[in-house]
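These notes concern the structure reproduced below.
The values are calculated or read from the model by the stated rules, or taken from the named source; none is laboratory data. Just so it is clear, the model here is predicted, and its values are computed rather than measured. These accessible areas exclude ligands, DNA and RNA; they are computed on the full protein's heavy atoms, side chains included. Shrake-Rupley method; radii C 1.70, N 1.55, O 1.52, S 1.80 Å.
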Amino acid sequence: MTEKRLDMENGTIRYRIEKDRAVITGFQGFAANLALPAQIEGCAVAVVDRKAFLSRKSLCTIVMPDSVEEVGDWAFAHCDSLREVSFPGRQVRFGRAVFKDCSSLGRIAVRGKAAFCAELLAAAVTMMDAYYLLNLCGAGSGEWMEQWDIRLLSILRASDAEGYISQSVYGEEDYIGTDLEEFTNARRKVKVRLAFLRLLHSRGLDSSLRAELEQYLRNLTKGQAGEEAWQVVREEHGSHREYYSLFAELGCISQDNFPGILGDIGENSPEMKAFFLKYMGEQRTETDFFDGLEL
């Protein structure tokens, strides 16, 4: 079938008309934010074809039209800068590895769904390798949350070295590194990100799983053998109060590790530094008060 072109701002969409439906087959250009049209030549845009946006490095956000029904294999694979994709609140068929290696993808939004679903959907495909959870209609339901938590628990309890041999044998070290310590550090950071994310979006969270997630983060704070929980907060969430506030509330800051935490922050993340100073000041005041009562 004949492939045609549609010029848009900062780019050109390639498409074909197939059985009165428009199929997006490719994109050329440097658009950072793109909204696909709902119709082309009077035909509903129903399909984003396989590899249509493969390796579009400039793409940061994309809005899918209400008419979309199918997204093909690797449609957005290797879009390094892609942060958010917005879908209609309807069932969409997804092919294989649609968002493979989209390391910046933090939100797969579903119009009409609660905001927390967007982050959990994105994590399902970027960190959990669980494309079966890419269910736009089911996201956020009790059954879907239970499946998400089952997958989370399996990841949390897996050995940090799991997969190290295979990634070395098959050449995936380009993505992670050949050093075992580097590999296990990366694995623990994934677990930490998932633990924080679930605690921040705690709808339907079982009390036993909550306790396990909280303890996992406390075990990886500053001053422990592994400091991945602190590393993730410091390196990725210095301006996200909900993260560093939760870090403090979980008891990840103590009199012993606080000097080291302040030293790591230095002149970076002034809001987080101010919050921690205030938090520790309040903790000391409360301790002094109860010590005085004992006297």
Just to be sure I understand: of the beta bridges DSSP finds with both ends in the chain, what percent are antiparallel, rounded to 5?
45
Compute and list, largest first, the equivalent-ellipsoid semi-axes of segment 204-255 from the alpha carbon gyration tensor, each √(5λ) rounded to a whole angstrom.
18, 14, 10
Just the Cα atoms of the chain: what Rg and Dmax do they give in Å?
22.6, 88
For segment 108-253, convex hull volume per residue from C-alpha positions, Å³
122
Give me, ordered by chain and number, the residues 5 or more places off Lys4 or on other chains with an amide H under 5 Å from its own placed amide H.
Tyr15, Arg16
Let me see the P(r) profile for segment 179-269: every Cα-Cα distance counted, bins of 5 Å, each bin given as a percent of all pairs.
3, 13, 26, 26, 18, 10, 4, 1
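Gain in length, Glu282 to Thr2, computed as 0.36 nm per residue apart minus the alpha-carbon separation, to one decimal in nm? Present the calculation step by step, with values, prior to reporting the outcome.
Values: separation 280, 0.36 × 280 = 100.80 nm, distance 6.93 nm.
Gain on extension, Glu282 to Thr2, equals 93.9 nm.
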Expressed as a whole percentage, what fraction of the accessible surface of the chain belongs to carbon and sulfur atoms when a 1.4 Å probe is rolled over the protein heavy atoms?
48
What 222 nm value per residue comes from the helices of the chain, counting each DSSP H run with n ≥ 4 as -39,500 (n - 2.57) and dividing by all residues, nearest 500 deg cm²/dmol?
-12500 deg cm²/dmol
In Å, the Kirkwood hydrodynamic radius of segment 1-101 over pairs of distinct alpha carbons?
13.3
Per residue, how many Å² of accessible area does the chain show with a 1.4 Å probe?
51
Under 5 Å between amide H atoms, partner at least 5 residues away or on a different chain: which partners does Arg50 have, H built in plane at 1.01 Å?
Gly72, Asp73
Sorted by chain and then number, the residues having a modelled amide H within less than 5 Å of the amide H of Ser67, at least 5 places away or on another chain, are none
For segment 81-169, the percent of all C-alpha pairs falling in each 10 Å bin, from 0 up to the bin holding the max distance, is 16, 47, 28, 8, 1
Within the chain, how many Lys pairs sit with Cα atoms under 21 Å apart, leaving out pairs fewer than 8 places apart on the same chain?
11
Rounded to a whole number, the Stokes-Einstein D of segment 1-46 in µm²/s (Kirkwood radius over Cα pairs; 20 °C; 1.002 mPa s) is 199
